[in-house]
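Peer 1: Submitted below is the structure of interest, expressed as structure tokens.
The values are calculated or read from the model by the stated rules, or taken from the named source; none is laboratory data. All values reported here derive from a predicted model rather than from experimental measurement. Cβ placement follows ideal geometry from the backbone for every residue including glycine, while neighbour counts extend to all protein chains displayed. Ligands, DNA and RNA are excluded from the accessible area calculation, which covers all protein heavy atoms including side chains. Shrake-Rupley method; radii C 1.70, N 1.55, O 1.52, S 1.80 Å.
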Amino acid sequence: MRQELRQLSQTCLQSKDCVNHASDVIYPSYQREKVNMGIVHLGLGAFHRSHQAMYTEQLLNLQGGGDWGICAVSFNNQRLQQQLNKQDCLYTTAILDVKDSYQVVAAIKQVLVVRTQAAAVIERMADETTKIVTLTVTEKGYCLNAEGVLDENLPEIISDLGALEQPKSTIGLIVAALRLRFEKGIQPFNVIACDNLPENGRKLKSAVIQFATKISGDLAGWIDHQIQFPNTMVDSITPKTESSTVELIKNKLGYIDEAPVQREMFSQWVIEDCPGMVRPEWEKVGVVFTDNVESFENAKLRILNGLHSALAYMGLLMGYETVYQAVSDKNVKAFLVALVDDEVIPTIEAPLGLDLHQYSRAILARFENPKIKHLLSQIACDGSIKIPVRTLAPIQNNIAHNRSFKMLSRVVAAWIHFIRVSVAKNQRLHDPRATELIDAVNKFQGNSSEDVNMFLGINGLLPDSLRKNLSFISHVQDAYADIAVTLK
Ligand code: CS2
């Protein structure tokens, strides 16, 4: 008779019932109860658990890793909170690559949800023991407008300015906690932004200060002078957890984990070095601290994320579902290679010692990992925020240097078709500007040039310099008409 499987928990680990003796599984080797929580993380998606929490776990596994337990905060996800609570916040990271391996992570010690526990979240962030706040709240969580500054018209920002005790935005939540520390005379925490936007730390800082200024000038000044917001670059392909991930853990490791994560082997974290900042010694586990994050950011955002978005929009139009399927199409791959070599790499100043050609080939090889089922639809979300960073910025750079940008324009055209097709099929469009995008494509008459003109003219969607650039508009129009033929 088959023995009933145990669910992952502290007791199950201690009693060794959840311990599998295969050499490819790593278990926590530190005394978890002795580690205090020095980090509050905002945005409990799979990426935090497969990336920053993994680095912290590796550090804690070294002797004397420090008091860097994590309190992980989700804005809404009570289901994940329940799942993790049942497991004493333990979960498994499955690393699926040429050779698979697994790691049970204990670094997260508490999970809170803002919607139901706002006061507890603010208190935890304001607690003296909290030294660092990290964030993965996706690009839209920064509440920025097209110029990269705080969008004061967003409903959640308006709401937070009126009711800071029940914050709805990341910006409001950070300011609520800092206000409490300021009032109590507690040293501030430092903030590490870990989302895919250029100068993530600097933009977050200016948004936080802009918001805080509306509450109190003294508070805003204190934040400005006392708090570090280093820029960072983060990288590790982490598709969302599927039921197949849960099954995999059951079959391979012999226990139930309701909330595992899966990722590729590759992982990179580059953080701007802020001398004197109190923080975990992550450099001991491979994190790079440098004063030149910008060139790492640009390389990663324009190559990896840029190719991802190109694959997502073009691949979905061709009927592919995953990155692996799309990149296995030799025409698609050839397009990506030409795109990156001719129109993307020339726009990037390489970080010292990094060969961008090799870097791009390594990224393509990562896309070709058959074990990672990365849904194109996941990457296609939030195009109005991703496209400016990943596609329009290199186009602008090419225009400034008189270089070609036809293939990049094709990506923009594919994005427009993707939105048109999604609306025609009544599929939900995940984008903070969905209403305007849907309105625009609903007005399409079937004339490529006019339809593209109308779309590119949506208020604040494109930087002014591009909206008025005739050769950019004409490249997008041509590509749009060209793709239309393939879709018939
Ligand atoms: C992806 C990223 O969803 C997306 O837009 O491009 O999440 C990508 O997988 C990560 O940045 C890889 O580090």
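Peer 1: Could you tell me how many of the residues in the range 385-414 are within 30 Å of Gln262 (Cβ to Cβ) and either more than 16 Å from the ligand (Cβ to nearest atom) or under 15 Å from the mean Cα position of the chain (by Cα) (or both)?
Peer 2: Final tally of qualifying residues: 5.
Peer 1: In addition: Would you say Lys16 is among the charged types (D, E, K, R) and assigned to a loop (DSSP other than H, G, I, E, B)? Please lay out each step first, then the result.
Peer 2: Numbers: among the charged types (D, E, K, R): yes; assigned to a loop (DSSP other than H, G, I, E, B): yes.
It is true that Lys16 is among the charged types (D, E, K, R) and assigned to a loop (DSSP other than H, G, I, E, B).
Peer 1: Can you tell me which of Val149, Val113, Val133 is in contact with a helix residue (DSSP H, G or I) (Cβ under 8 Å, 6 or more places away or on another chain), under 19 Å from Ile227 (Cα atoms) and buried (at least 20 other Cβ atoms within 10 Å of the Cβ)?
Peer 2: Val133
Peer 1: Hey, another quick one. Every residue in the range 183-219 that is more than 17 Å from Thr170 (Cβ to Cβ), open to solvent by less than 30 Å² (accessible area, probe 1.4 Å) and small (Gly, Ala, Ser), please.
Peer 2: Across the range 183-219, there are no qualifying residues.
Peer 1: Also: Might you let me know whether the range 366-376 holds any residue that is out of contact with any Cys (no Cβ under 6 Å at 6 or more places or on another chain) and under 20 Å from His417 (Cβ atoms)?
Peer 2: Applying the first criterion (out of contact with any Cys (no Cβ under 6 Å at 6 or more places or on another chain)) to the range 366-376 yields 366-376.
Filter once more, keeping what is under 20 Å from His417 (Cβ atoms): 375-376.
Yes, the conditions are met somewhere in the range 366-376.
Peer 1: Having 3 or more residues that are more than 19 Å from Phe211 (Cα to Cα) is the bar; report the strands (runs of 3 or more DSSP E) wholly within the range 75-171 that clear it.
Peer 2: Of the strands (runs of 3 or more DSSP E) lying wholly inside the range 75-171, those with at least 3 residues that are more than 19 Å from Phe211 (Cα to Cα) span 91-95, 101-105, 108-113.
Peer 1: Is one or more of the residues making up the range 168-177 surrounded by fewer than 19 Cβ atoms within 10 Å (Cβ to Cβ) and either assigned by TED's automatic domain parsing to the domain that holds Glu128 or of a type in the set (Val, Ile, Thr) (or both)? Can you show your working first?
Peer 2: The initial filter retains those residues of the range 168-177 that are surrounded by fewer than 19 Cβ atoms within 10 Å (Cβ to Cβ), namely none.
No, the range 168-177 contains no residue that is surrounded by fewer than 19 Cβ atoms within 10 Å (Cβ to Cβ) and either assigned by TED's automatic domain parsing to the domain that holds Glu128 or of a type in the set (Val, Ile, Thr) (or both).
Peer 1: When you scan the range 31-38, do you find a residue that is open to solvent by less than 40 Å² (accessible area, probe 1.4 Å), assigned to a loop (DSSP other than H, G, I, E, B) and outside the structural domain of Ile372 (by TED's automatic domain parsing), even just one? Before you say what the answer is, go through the steps one by one.
Peer 2: Residues of the range 31-38 open to solvent by less than 40 Å² (accessible area, probe 1.4 Å): 32, 35, 37-38.
Imposing the further condition that a residue be assigned to a loop (DSSP other than H, G, I, E, B) reduces the set to 35.
Right, trim to outside the structural domain of Ile372 (by TED's automatic domain parsing) and you get 35.
So far as the range 31-38 goes, yes, one or more of its residues are open to solvent by less than 40 Å² (accessible area, probe 1.4 Å), assigned to a loop (DSSP other than H, G, I, E, B) and outside the structural domain of Ile372 (by TED's automatic domain parsing).
Peer 1: Here are the criteria: (1) under 20 Å from the mean Cα position of the chain (by Cα); (2) within 29 Å of Leu80 (Cβ to Cβ). Tell me which single one Phe211 does not satisfy.
Peer 2: Status for Phe211: all satisfied but (1).
Peer 1: Could you count how many residues in the range 362-378 are surrounded by 22 or more Cβ atoms within 10 Å (Cβ to Cβ) and within 9 Å of the ligand (Cβ to nearest atom)?
Peer 2: 1
Peer 1: If you don't mind, there's one more thing I want to ask. So, Val261, is that one more than 30 Å from Ala334 (Cβ to Cβ) and within 24 Å of the chain's Cα centre (by Cα) or not?
Peer 2: So Val261 fits the description; yes.
Table: residues versus (1) over 26 Å from the mean Cα position of the chain (by Cα); (2) of a type in the set (Ser, Thr, Tyr).
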site	(1), (2)
Leu13	yes, no
Asp24	yes, no
Ser74	no, yes
Leu84	no, no
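Peer 1: Hey, could you check the range 202-247 for residues that are among the aromatic types (Phe, Trp, Tyr) and touching a strand residue (DSSP E or B) at 6+ places or on another chain (Cβ under 8 Å) and say which is farthest from the ligand (Cβ to nearest atom)?
Peer 2: For the range 202-247, the residue satisfying everything is Phe211.
Peer 1: Across the range 430-463, which residue is farthest from Asn402 (Cα to Cα) among those that are assigned to a helix (DSSP H, G or I) and under 27 Å from the mean Cα position of the chain (by Cα)?
Peer 2: Step by step, filter the range 430-463, then rank; the result is Thr435.
Peer 1: Contact list please: Cβ distance under 7 Å, first residue in the range 71-92 and more than 16 Å from Val104 (Cβ to Cβ), second residue assigned to a helix (DSSP H, G or I) and open to solvent by 70 Å² or more (accessible area, probe 1.4 Å), pairs at least six apart or on different chains.
Peer 2: Pairs that qualify, where the first residue is more than 16 Å from Val104 (Cβ to Cβ) and the partner is assigned to a helix (DSSP H, G or I) and open to solvent by 70 Å² or more (accessible area, probe 1.4 Å), are Phe75/Arg115; Asn76/Arg115; Gln78/Thr116.
Peer 1: State yes or no: is Lys386 over 21 Å from Leu466 (Cα atoms) and at pLDDT 95 or above?
Peer 2: In short, no.
Peer 1: What is the one condition in (1) more than 17 Å from Asp24 (Cα to Cα); (2) more than 16 Å from the ligand (Cβ to nearest atom) that Gly254 does not satisfy?
Peer 2: (1)
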